[in-house]
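The values are calculated or read from the model by the stated rules, or taken from the named source; none is laboratory data. Just so it is clear, the structure is predicted and the values come from calculations on it, not from any experiment. Every residue, glycine as well, gets a Cβ built from its backbone with ideal geometry; the counts of neighbours run over all protein chains shown. Quick note on the areas: whole protein, heavy atoms, side chains included, nothing else; ligands and nucleic acids left out. Shrake-Rupley method; radii C 1.70, N 1.55, O 1.52, S 1.80 Å.
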Amino acid sequence: MNDTEATVMEQVATHLRDRGLLVVVKDARREERIDAWLRVTKDKRHVDYAVEVKQQVTPQTLGAVVTQLEQWGKLTKKPPLLAAPYITPPVGDRLMALKQQFVDAAGNAYLDAPGMFVLITGRKPDKTTLPEKPVDAFTAASLKTLFAFICKPALAAAPYREIAVAANVSLGVLPGVLAGLQQAEHLHIMGNSRKLIATRRLLDAWSLAYASKLRPKQLMRTLVTPAFASWRKWDLQADRAAWGGEPAAALLTKHLEPGVLTLYAGKPPARLMVEHRMSTASHGTDHNLVEIRKPFWGDIAWHEKPWVTVPPALVYADLLATGDARCIESAQMIYEDILARSFPAR
């Protein structure tokens, strides 16, 4: 753990001990990937948790966080536990609905294990004792570059100019971006040789950072249409658009019925908007919605153009960003059916 994570765990342990629990925090080994182990004992029964510390969990990043924690649970064979400086009540409610246990430095906690149930809510953070946020390793340029590598792993070994065109980033930022990805252990560099370390850890790390940093900037318009139910028949090619999010998941998995239609297009698709009588969604509208999002990538080869859906890794990340249980389930299906071969869990 770094100093910030250690501070969070120290405050978490103090609050749990104040509730009469015996708590032991132990640093995890580097190869274990998690941040810490936490043993909580009550009435001679104990539970060992695999802990992941997050500096902030929002409704947008919640899906990616929960998916990441589920993965650590499978790998460690221990219940995963989310720790954070502060979990807001709305996020806490959604975590509990997803059965994801959590603790925070303000004293809030949800622990649900055999012989142990702890629920503490309503505690406010003391801003004077909150740890400082560490420097974030992901920038917009690194997220774009990493996405290009995820879509085409062989691109990591390509010349800088080819990477810049594919990722839609400037040539000048690439040395710093690649060095940062190497430091984060997503890229192996030896001399002039570069190779993407393609694992699910990479995919989930990108999805989490994308949800908080890049995704909010790509939303151009939110519309409403009376032709929502006929979305499968829409002709996207003339507007050079592609399905993302829930409709893309419906096409890829044959499982999810969309609640929101997400379209990626370079500009608002005028023809589609007229043909399907789209209008600006009023505040509070939650039915028949169409999101128009702007592509952030450059010249990435993906199957055949024009695309029907955006690349599966982006569909996966967009589903997780909803925080919705049915979307998270569909994201897992996309991982298992399409992405697991290229990004194995290890």
Q: Select from region 2-21 the residues that are within 21 Å of I34 (Cβ to Cβ), touching a Lys or Arg at 6+ places or on another chain (Cβ under 8 Å) and either at pLDDT below 90 or surrounded by fewer than 18 Cβ atoms within 10 Å (Cβ to Cβ) (or both) and list them in ascending order.
A: T4
Q) Among all residue pairs at least 6 apart or on different chains, which show Cβ distances below 7 Å where the first residue, located in region 1-27, is within 18 Å of D48 (Cα to Cα) and the second is outside any loop (DSSP other than H, G, I, E, B) and aromatic (F, W, Y)? A) K26/W37
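Restricting to region 61-88, what's the tally of residues that are within 14 Å of the chain's Cα centre (by Cα) and surrounded by fewer than 18 Cβ atoms within 10 Å (Cβ to Cβ)?
Looking only at region 61-88, we keep the residues that are within 14 Å of the chain's Cα centre (by Cα), and these are 61-71.
The next check asks that each one be surrounded by fewer than 18 Cβ atoms within 10 Å (Cβ to Cβ); those that pass are 70.
Looking only at that region, the number is 1.
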Q | A325, sole failed condition from (1) under 22 Å from G63 (Cα atoms); (2) of a type in the set (A, V, I, L, M); (3) surrounded by 16 or more Cβ atoms within 10 Å (Cβ to Cβ); (4) at pLDDT below 95 | A | (3)
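Restricting the search to region 42-57, which residues are over 20 Å from H186 (Cα atoms) and either open to solvent by less than 30 Å² (accessible area, probe 1.4 Å) or among the acidic types (D, E) (or both)?
Initially, region 42-57 is screened for residues over 20 Å from H186 (Cα atoms), giving 42-51, 55-57.
Scanning region 42-57 gives D43, V47, D48, Y49, A50, V51, V57.
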**Q.** Inter-residue pairs, beta-carbon under 6 Å, first touching a residue at least 60 places away in the same chain (Cβ under 8 Å) and in region 180-195, second of a type in the set (V, I, T) and loosely packed, with under 13 Cβ neighbours inside 10 Å, 6+ apart
**A.** none
Q.
Step by step: first the residues of region 173-192, then only those that are open to solvent by 70 Å² or more (accessible area, probe 1.4 Å) and modelled with pLDDT of 90 or more, then the one that is nearest to the chain's Cα centre (by Cα). Which residue is that?
A. Q182
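Scan region 330-343 residue by residue and report those that are touching a residue at least 40 places away in the same chain (Cβ under 8 Å) and either open to solvent by less than 40 Å² (accessible area, probe 1.4 Å) or in a helix (DSSP H, G or I) (or both). Spell out the reasoning first.
Restricting attention to region 330-343, the residues satisfying the condition of being touching a residue at least 40 places away in the same chain (Cβ under 8 Å) are 330-335, 337-340, 342-343.
Within region 330-343, S330, A331, Q332, M333, I334, Y335, D337, I338, L339, A340, F343 qualify.
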Q: Scan region 281-316 for residues that are modelled with pLDDT under 85 and small (G, A, S) and jot them down.
A: G284, A301
